[in-house]
1. Being on the phi < 0 side of the Ramachandran plot, out of contact with any Leu (no Cβ under 6 Å at 6 or more places or on another chain) and modelled with pLDDT under 95 is true for just one of B:Ala40, B:Ala114. Which residue is that?
2. A:Val23: without any contact (Cβ under 8 Å) to a residue 40 or more places away in the chain, within 14 Å of another protein chain (Cβ to nearest Cβ) and in contact with a helix residue (DSSP H, G or I) (Cβ under 7 Å, 6 or more places away or on another chain), yes or no?
3. Can you confirm whether B:Ser70 is surrounded by 16 or more Cβ atoms within 10 Å (Cβ to Cβ), within 21 Å of A:Leu107 (Cα to Cα) and of a type outside the set (Val, Ile, Thr)?
4. Filter the stretch A:31-60 down to the residues that are among the charged types (D, E, K, R) and either over 10 Å from the mean Cα position of the chain (by Cα) or outside any helix (DSSP H, G or I) (or both) and list them by number.
5. Condition first: under 22 Å from A:Leu107 (Cα atoms), away from chain A (no Cβ under 11 Å) and of a type outside the set (Ser, Thr, Tyr). Can you find one or more residues in the stretch B:54-66 that meet it?
6. Provide a single number: the residues in the stretch A:74-115 that are out of contact with any Gly (no Cβ under 7 Å at 6 or more places or on another chain), farther than 19 Å from A:Gly48 by Cα and within 14 Å of chain B (Cβ to nearest Cβ).
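The values are calculated or read from the model by the stated rules, or taken from the named source; none is laboratory data. Everything numeric in this text was worked out from a predicted model, so none of it was measured. Note: ideal-geometry Cβ built from the backbone for every residue, glycine included; neighbour counts use all protein chains shown.
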Amino acid sequence: MSNQSRHEAETVERSLDSNLDSVDYAEEITMGVAKRAGFDEDDLTKIGMAVRESMVNAVVHGNRYNANKKVRFSIHKDTDRLTVRIIDEGEGFDVESVPDPLAPENLFRNSGRGIFLIRSFMDDCRIRRLEPGGTEVTLVKRMVSK
Amino acid sequence: MSVKLNSRQVGDVSVVDVAGRITLGEGSTALRDALRDMVAKNHKKILLNLGDVSYIDSSGIGELVSGFTSVTNSGGQLKLLGLTKRVKDLLQITKLYTVFDVHEDESSAIRSFA
């Protein structure tokens, strides 16, 4: 990859249906942009998984597969970071109410690890409840020269 | 490819070879159905071979935990074989690695059920 394509800014924006195909599609777009940004295999896996988990939250828990609701997805690459924004049209939720999946009493739960994984894999993860409804998730991964 | 599961019997151990992606939807449902079926058929010794699993998400991890719980509650044992680095890393950061009995070699995994 040329240094020029690494440093070129790139933005992709999509309005996606509330289904699992959109999860795959958003992950695919993300992997393409992140590869062009020069992230290594390890970071690509982490970024892809963080976007997949965020999209699943938007489609399944936010929009609840409602065909009348959309997920707004955008990814922006600039010189030093990759920023992904995912907005659903659901009722929103209180992120503080999500149980700690590492707590001994929650270790055997079969769900509730998504936000923990997103936070583990990205440099920044902001979750904001929107008015009158919806949730905006902003993920940032910084590029580090290796 | 989503996920492909193949079951075989080695002595009294049921080995499930899993390949592909275990993600929300087809992948996690297939794993759940396979384990439920084994519990229903009273299989007590189950070895999940994850050597060809290229990707697993939080839903897939949830199915592993759920499968482990239901097999254990039915008086059986569920063990894992051949974790890729990616899957091992995920189980470690979610503090689940030590919950499972994990093996790298199939023969020793089979013997460990005795």
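1. Details: B:Ala40 fails: modelled with pLDDT under 95.
Answer to the check: B:Ala114.
2. Working: without any contact (Cβ under 8 Å) to a residue 40 or more places away in the chain: yes; within 14 Å of another protein chain (Cβ to nearest Cβ): yes; in contact with a helix residue (DSSP H, G or I) (Cβ under 7 Å, 6 or more places away or on another chain): yes.
In short, yes.
3. Working: surrounded by 16 or more Cβ atoms within 10 Å (Cβ to Cβ): yes; within 21 Å of A:Leu107 (Cα to Cα): yes; of a type outside the set (Val, Ile, Thr): yes.
So B:Ser70 fits the description; yes.
4. Filtering the stretch A:31-60 for residues among the charged types (D, E, K, R) gives A:35-36, A:40-43, A:46, A:52-53.
Across the stretch A:31-60, the qualifying residues are A:Lys35, A:Arg36, A:Asp40, A:Glu41, A:Asp42, A:Asp43, A:Lys46.
5. Let us first name the residues in the stretch B:54-66 that are under 22 Å from A:Leu107 (Cα atoms), namely B:55-66.
This time we only want the ones that are away from chain A (no Cβ under 11 Å), so: none.
Checking the stretch B:54-66: not a single residue is under 22 Å from A:Leu107 (Cα atoms), away from chain A (no Cβ under 11 Å) and of a type outside the set (Ser, Thr, Tyr).
6. Adding up the residues that qualify gives 8.
Here is a yes/no grid of residues against (1) in contact (Cβ under 8 Å) with a residue 12 or more places away in the chain; (2) within 14 Å of chain A (Cβ to nearest Cβ); (3) over 14 Å from the mean Cα position of the chain (by Cα); (4) surrounded by 22 or more Cβ atoms within 10 Å (Cβ to Cβ):
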{"site": "B:Val13", "(1), (2), (3), (4)": "yes, no, no, no"}
{"site": "B:Lys41", "(1), (2), (3), (4)": "no, no, yes, no"}
{"site": "B:Thr94", "(1), (2), (3), (4)": "yes, yes, yes, no"}
{"site": "B:Thr98", "(1), (2), (3), (4)": "no, yes, yes, no"}
{"site": "B:Ser108", "(1), (2), (3), (4)": "no, no, yes, no"}
{"site": "B:Ser112", "(1), (2), (3), (4)": "yes, no, yes, no"}
